[in-house]
Each structure stands twice: as structure tokens, then as C-alpha cells.
Amino acid sequence: MLQNILTGITAYLSTSIDYVIILMLIFGTIGKQSHWAVYWGDLLGTAVLVLVSFCLANLLKLVPATWVLGLLGLIPMFMGVKLWFFGENGSDAAVTKQLQTKSSLSLSVAAITIATCGADNLGIYVPLFAQLSLAGSLTVMLTFLVMLSLFWWLGLFLSRLPLIAILLEKWGGYITALVYVGLGFYILWESGTLMHFLV
């Protein structure tokens, strides 16, 4: 169970370090009375991504050999290498545009979460859930809920400290890239894929 919690923390960190900057941007453009609407929107958007990832992972579990599923670990490794060398697309303009729509703030934040985190989350969570049992998946999902709550608070707190935003903007991508590669290697190792090819 502890291993699943640590895996959940690592996976959430890898997909959400840059999202803290988006949360800071959101908090910087809304009033104090709307902070909880951001939380519920983040929760809704993340829940959609996690449930889609979980369903896709369970479809992939129909593949008979577990080492084949381990090849999914190449996805986060590729994402990490790409992020390290090419960076990521700026999402500040998309966030600002979405916040200016007439829909509720919670739905806008959910849309922002899905749009800015969707590819990363699916690329990390599908291979992860494909390696876990149902109990392990539920443990990881509960860990995600705790991490989401902590990141919401962190985004709110850091929105008052612009220097932190500058540091995250500069180094967050590199940290995320390293964690992606590490998670990919973990998936390849846990599934027996590396041993299949080395033996």
C-alpha cells in the first residue's frame, strides 16, 4: 500500500508541477469568494482525466502478457525526453481566454484542467493504472485526491509570492521531465518488460 501511495504521489507531482503555475494564474484573476469554485473545477477536470485513464488502462489489461503492457512505460519516457529538449506549449493565453467565457468558474477550471493537463495525465496515468490492481488503483486515486487538495492550497498560497512562480516557470519543466522518465522506467521494470528483453 505504501508503494502505491508513493507511486501516486510521484505520478501526481509529475503531471501537476506546471499546473501550479496555472492555478496561480487563475487565483490571480478571480476574487477571494471564488477560491472554492476553483477547487471544485479542478476536482471535476481531474476526475474526468483519471476515470478515462482508468477505463483505458482496464481495456488494455485484456492484453495477455503483462510485459507487453509494460511497453506503455515508453510513453512517459518519451514525454520526459520531449519536455526536456523542446519544452512545452504556453498555456497562459488559453487559461485567460477560458476564464473570460460566460460559463461558471468551476466548469471553466474543469475545462482548463482537461485542456492543459489531458495529454500528460493520460500519457502517465494509463500506463500506471495498467500495472495496478483494483485496490492499488483505488489507493492511487485517493492519493490523487489528497495531492489535488494540497496543490490547490499551494497554488493559492504561491499566488501571493510571484518569485516562486518565476522559479517554477524556469525549472518546473526540467523537474517534470525527470519524473516522467523515472515513472516510465518504473513501469518498464514493474511489468517485467526490461527483464523480458534482457533475458
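Which numbered condition in (1) within 20 Å of LEU138 (Cα to Cα); (2) surrounded by fewer than 19 Cβ atoms within 10 Å (Cβ to Cβ); (3) aromatic (Phe, Trp, Tyr) is the only one that PHE54 fails?
Of the numbered conditions (1) within 20 Å of LEU138 (Cα to Cα); (2) surrounded by fewer than 19 Cβ atoms within 10 Å (Cβ to Cβ); (3) aromatic (Phe, Trp, Tyr), the odd one out for PHE54 is (2).
Take the conditions more than 19 Å from ARG160 (Cβ to Cβ) and basic (Lys, Arg) and apply them to LYS32. Does it pass?
So LYS32 does not fit the description; no.
Go over the candidates SER191, SER159, SER149 one by one and state the one that is surrounded by fewer than 19 Cβ atoms within 10 Å (Cβ to Cβ), touching a residue at least 24 places away in the same chain (Cβ under 8 Å) and not acidic (Asp, Glu).
Unique residue meeting the criteria: SER149.
Do we find a residue being closer than 30 Å to HIS196 by Cα, assigned to a helix (DSSP H, G or I), of a type outside the set (Lys, Arg) and touching a residue at least 12 places away in the same chain (Cβ under 8 Å) anywhere in region 35-46?
So in region 35-46, the residues closer than 30 Å to HIS196 by Cα come out as none.
No; the residues of region 35-46 include none that is closer than 30 Å to HIS196 by Cα, assigned to a helix (DSSP H, G or I), of a type outside the set (Lys, Arg) and touching a residue at least 12 places away in the same chain (Cβ under 8 Å).
Consider LEU25 carefully, then state whether it is part of a helix (DSSP H, G or I), surrounded by fewer than 20 Cβ atoms within 10 Å (Cβ to Cβ) and touching a residue at least 24 places away in the same chain (Cβ under 8 Å).
Details: part of a helix (DSSP H, G or I): yes; surrounded by fewer than 20 Cβ atoms within 10 Å (Cβ to Cβ): yes; touching a residue at least 24 places away in the same chain (Cβ under 8 Å): yes.
Answer is yes for this residue.
For the subset of region 28-51 comprising residues that are closer than 13 Å to SER159 by Cβ and of a type in the set (S, T, N, Q), which member is surrounded by the most Cβ atoms within 10 Å (Cβ to Cβ)? Steps first, answer last, please.
Step one: filter region 28-51 for residues closer than 13 Å to SER159 by Cβ, giving 28-32, 34-35, 38.
Narrowing the set further to residues that are of a type in the set (S, T, N, Q) leaves 29, 34.
Numbers: THR29: 13, SER34: 16.
Within region 28-51, the match that is surrounded by the most Cβ atoms within 10 Å (Cβ to Cβ) is SER34.
When the residues of region 141-194 are filtered to those that are polar (S, T, N, Q) and farther than 20 Å from ASP42 by Cα, which remaining residue is nearest to the chain's Cα centre (by Cα)? Spell out how you get there, then give the answer.
The initial filter retains those residues of region 141-194 that are polar (S, T, N, Q), namely 143, 149, 159, 176, 191, 193.
The next check asks that each one be farther than 20 Å from ASP42 by Cα; those that pass are 191, 193.
Values: SER191: 21, THR193: 24 Å.
Once the filter is applied, the top-ranked residue is SER191.
What's the number of the condition LEU62 fails, among (1) within 26 Å of LEU163 (Cα to Cα); (2) surrounded by fewer than 21 Cβ atoms within 10 Å (Cβ to Cβ); (3) at pLDDT below 85?
(1)
The values are calculated or read from the model by the stated rules, or taken from the named source; none is laboratory data. Here the structure is a predicted model, which is why all the values come from computation and not from measurement. All Cβ positions, even for glycine, are placed from backbone atoms using ideal geometry, and neighbour counts span all protein chains on display.
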